[in-house]
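The values are calculated or read from the model by the stated rules, or taken from the named source; none is laboratory data. Everything numeric in this text was worked out from a predicted model, so none of it was measured. Reconstructed Cβ throughout: ideal geometry from the backbone, glycine too, with neighbour counts over all protein chains shown.
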Amino acid sequence: MPDLLVKLYDLPDIVPHIQKLQEEGVHVRTSMAYEKHQVVQWVLANFGQGWASECDVSFSNSPITCFIATENARIVGFACYDSTAKNFFGPIGVAENCRNRNIGETLLLSCLKASASAGYRYSIIGGVESVEFYKKTAGAIEIPGSSPGIYGERLE
């Protein structure tokens, strides 16, 4: 699974994505500190311990580097940046019953825009399985020779 590189100074406009979701009753925002236990538990239940650990780290950053998507006051998706490593995007996940609604794209672009606002000009998306999603949404390109990257020596 390769790493990808994204030019943060050349991202698509996020406003239409956010407006479309708001019309459907979905809100994307930065998570709040008091929500940490709920968000991490949701990630654990839906995506496993590894991603929950990375999500947990995002709450230690200032500002918090975890975005959530909510519908009817319930979490339907999340995305983090600067949690696995500095200037890395991920993980990201959307509830199975909420996929194909533009939620993942909006979470991705929200994190990338926040990274750009923090002063980064490029961002790395590590260990990608769905390369086409990132190419289409953010114009990502593959970093040659980047597999397995920082994920090469995992604990069992």
Count of segment 136-156 residues which are farther than 11 Å from L5 by Cβ, assigned to a helix (DSSP H, G or I) and either among the charged types (D, E, K, R) or modelled with pLDDT of 95 or more (or both)
2
Looking at N72, is it in contact with a His (Cβ under 8 Å, 6 or more places away or on another chain) and on the phi > 0 side of the Ramachandran plot?
no
Note down all Cβ pairs under 8 Å where the first residue falls in segment 5-28 and is within 15 Å of F67 (Cβ to Cβ) and without any contact (Cβ under 8 Å) to a residue 60 or more places away in the chain, the second is surrounded by 11 or more Cβ atoms within 10 Å (Cβ to Cβ) and not polar (S, T, N, Q), and they're at least six residues apart or on different chains.
H27/L21; H27/A69; H27/E71
Report, by residue number, each residue of segment 10-29 that is surrounded by 18 or more Cβ atoms within 10 Å (Cβ to Cβ) and in a strand (DSSP E or B).
V26, V28
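Given the options G104, G77, name the one that is surrounded by 23 or more Cβ atoms within 10 Å (Cβ to Cβ), within 14 Å of V28 (Cβ to Cβ) and out of contact with any Gly (no Cβ under 6 Å at 6 or more places or on another chain). It would help to see each step written out before you state the result.
Details: G104 fails: surrounded by 23 or more Cβ atoms within 10 Å (Cβ to Cβ).
When all the criteria are applied, what remains is G77.
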